[in-house]
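Below is one structure, written out as structure tokens; the observations come after it.
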Amino acid sequence: MSRTLTTSQNTAVDSGSTRPIFVTQINHSGTIEYLSSSGELIFDGLPYVPGIRISSIQDASAATIEFPWSPARVAEIQSGAWRGGVCRVWAVPALPDEESPVYDLADGILMLDGQIRASSFSGDRVSVSAAHVSAISKLSPRHTFESVCSFIPASGSKIIWEGEVLTLESRR
């Protein structure tokens with residue numbers, strides 16, 4: 001048994017007929033939307049409507065999600081208001097013969113707890129890229145050279161500092 005799965009999750013995953021259902025909480029259109037990759041269902045007491053397709057998830061650090069185009073979503077893309085929006089993705093290992101589409105939070109496996117990093121649309125689909133919240137700060141610079149100096153001296157430049165002559169060298 002996996003150390004990260006509950007007993008019910010492990011049983012569902014070990015079943016030969018498991019059908020993963022992805023559910024997403026995403027703040028793209030100004031409010032949090034609850035979308036599923038399956039039909040209508042209840043997850044953690046909240047109603048989810050169909051509409052998403054998970055294109056990819058990479059090691060719980062990033063995901064690409066597609067959902068239907070709408071005027072509100074395109075307006076959000078054009079205004080850039082989606083930036084930093086919440087994006088959480090769970091996978092629910094479900095069995096096809098389950099009659100009741102009601103799942104507890106304990107039934108789901110949190111695949112991504114992230115923020116939206118990019119959003120675009122093409123045809124009738126909106127595509128969103130999200131990154132895990134702890135990875136976002138590692139990839140975006142906090143300080144740039146523009147705030148310190150207006151140029152970087154070329155390799156071979158000499159600087160006199162406290163009586164010493166320092167020659168700048170390339171890192172290559």
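Residue-by-condition table, conditions (1) under 14 Å from the mean Cα position of the chain (by Cα); (2) in a strand (DSSP E or B); (3) of a type in the set (A, V, I, L, M, F, W, C):
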| residue | (1), (2), (3) |
| --- | --- |
| SER38 | no, no, no |
| VAL49 | no, yes, yes |
| ILE57 | yes, yes, yes |
| ILE65 | yes, yes, yes |
| ALA81 | no, no, yes |
| VAL89 | yes, yes, yes |
| GLY114 | yes, yes, no |
Check your understanding: Condition test on PRO47, is it surrounded by 12 or more Cβ atoms within 10 Å (Cβ to Cβ) and either more than 22 Å from SER122 (Cα to Cα) or at pLDDT below 90 (or both)?
Key -> no
**Study point:** Conditions (1) part of a helix (DSSP H, G or I); (2) surrounded by 12 or more Cβ atoms within 10 Å (Cβ to Cβ); number of the one not met by ALA106
**Key:** (2)
Check your understanding: Any residue at all in region 128-145 that is hydrophobic (A, V, I, L, M, F, W, C), modelled with pLDDT under 85, part of a loop (DSSP other than H, G, I, E, B) and more than 30 Å from PHE67 (Cα to Cα)?
Key -> no
Review point. Which residue pairs have Cβ atoms closer than 8 Å, lie 6 or more positions apart in sequence or on different chains, and pair a first residue in region 74-89 that is within 10 Å of ILE26 (Cα to Cα) with a second residue that is among the aromatic types (Phe, Trp, Tyr) and modelled with pLDDT of 85 or more?
Key: VAL89/PHE22
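The values are calculated or read from the model by the stated rules, or taken from the named source; none is laboratory data. Computed from a predicted structure; not experimentally measured. Reconstructed Cβ throughout: ideal geometry from the backbone, glycine too, with neighbour counts over all protein chains shown.
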